[in-house]
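Following: one structure in structure tokens, then a few remarks.
The values are calculated or read from the model by the stated rules, or taken from the named source; none is laboratory data. None of the values given here were measured: they were computed from a predicted structure. Reconstructed Cβ throughout: ideal geometry from the backbone, glycine too, with neighbour counts over all protein chains shown.
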Amino acid sequence: MFKNISLSQITLILTAVIVVLNFLFLTVVYLAGATLPVSISQWLTILLIAIIPTYLLIRFLIEFFVFRKIKVIYKLIDERKQRPAFTSGEDVENTSFDKIQDEVTEWAESQKYEMNYLLKLEQYRRNFLGNISHELKTPLFAIQGYLLTLLEGGMYDENINAKYLRKAVSNVDRLRNIVEDLDIINQFESGQIKLNIEEFDLKELSSEVIDDLGFMAKERNIELQIKENVSKPLEVIADRGKVRQVLYNLIANAVKYGKKNGHVLIGFAEEDDKIITEVEDDGIGIEEEHLNHLFDRFYRVEQSRSRKQGGSGLGLSIVKHIIEAHEQSVSVNSVIGEGSVFRFTLDKS
């Protein structure tokens, strides 16, 4: 009832209350038979005349002791909101307490959200620096160890010189992949990468990626297969090269972490104006606590096992950036002991 009340309305209500109390007092005195210094009509006349100064006095007191402080708070909030500050008292005075409360509450919530967001960014920054430091140290120390061994006489030992040089080169390649992947992510985040949008058959592209990864699947005796639920071509509008990278990363991950002698299935579904692509494996699955972080940079569900499998730890992060650059979505579902399913959408042509 009183949520949308303003300063003027408060003043009128208090003035009316005082007038009514005076009238009740006068009535009680009159009924009690007390002698009044003036007549009833004179009392009423004085009471009516006093309404205006009473109103002005109450308004002054409220504005001086209450609204003056509210104006300062309100102005500070407006400045923090980067909106034009109030330049006159009338703006605040004619603003209801409900609106003031709503705006103050909204500002407080936004500040709380901003603080939480900054804390998360700080935590993310610390985690990122720790992760990238660890990812870079591993190949660097390996390279250093191989080269020092060679310098200390190993280069003259035919049993180890070529072997250690190959391992050093392998770790250099790993360093290069990390730097290149970080550069790709940075380009996406800074808007430097421009998508080459074209029409192409998504099913045909998936077959090409399966052929490229056939050797990897063969090593683990995993069967790569496109589901037969769609027989017609699936024409989409997207950057063919970038979508190929998405498919390559998702299918390669499914092979790396899937079950030996298992299956990796690529399926498609149509929904309104979009094509949904699914990459499904029958591996051990991923615990729910990890699902929200899978697309973070360098995030690994099992640190030791993941590093043995190789890679920069940035593949899924790149997948997310590519799909979001197309203004599409990517997600993952997983059941422990049954496997995982990665999905992403693209626009139909």
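Could you figure out which of (1) in a helix (DSSP H, G or I); (2) within 28 Å of Ile251 (Cα to Cα) isn't true of Ala162?
The failed condition is (2).
Any residue in the stretch 150-168 that is basic (Lys, Arg), more than 28 Å from His293 (Cα to Cα), outside the structural domain of Leu314 (by TED's automatic domain parsing) and in contact with a Phe, Trp or Tyr (Cβ under 8 Å, 6 or more places away or on another chain)?
yes
Go through (1) touching a Pro at 6+ places or on another chain (Cβ under 9 Å); (2) within 28 Å of Pro139 (Cα to Cα); (3) assigned by TED's automatic domain parsing to the domain that holds Ser340; (4) not aliphatic (A, V, I, L, M) one by one and return the number of the condition Lys203 breaks.
If we test Lys203 against (1) touching a Pro at 6+ places or on another chain (Cβ under 9 Å); (2) within 28 Å of Pro139 (Cα to Cα); (3) assigned by TED's automatic domain parsing to the domain that holds Ser340; (4) not aliphatic (A, V, I, L, M), just (2) comes out false.
Counting only residues that are modelled with pLDDT of 90 or more, give me the helices (runs of 4 or more DSSP H) lying completely in the stretch 262-347 with at least 2 of them.
Correct list: 315-325.
Would you point out the residue of the stretch 263-284, among those that are among the small types (Gly, Ala, Ser) and surrounded by 18 or more Cβ atoms within 10 Å (Cβ to Cβ), that is farthest from Glu135 (Cα to Cα)?
Checking each candidate, the answer is Gly267.
For the stretch 143-175, enumerate the residues that are aromatic (Phe, Trp, Tyr) and more than 44 Å from the chain's Cα centre (by Cα).
The answer is Tyr156, Tyr164.
Please specify each residue of the stretch 193-233 satisfying the condition of being of a type in the set (Asp, Glu) and either outside any helix (DSSP H, G or I) or in contact with a strand residue (DSSP E or B) (Cβ under 7 Å, 6 or more places away or on another chain) (or both).
Selection gives Glu198, Glu199, Asp201, Glu223, Glu228.
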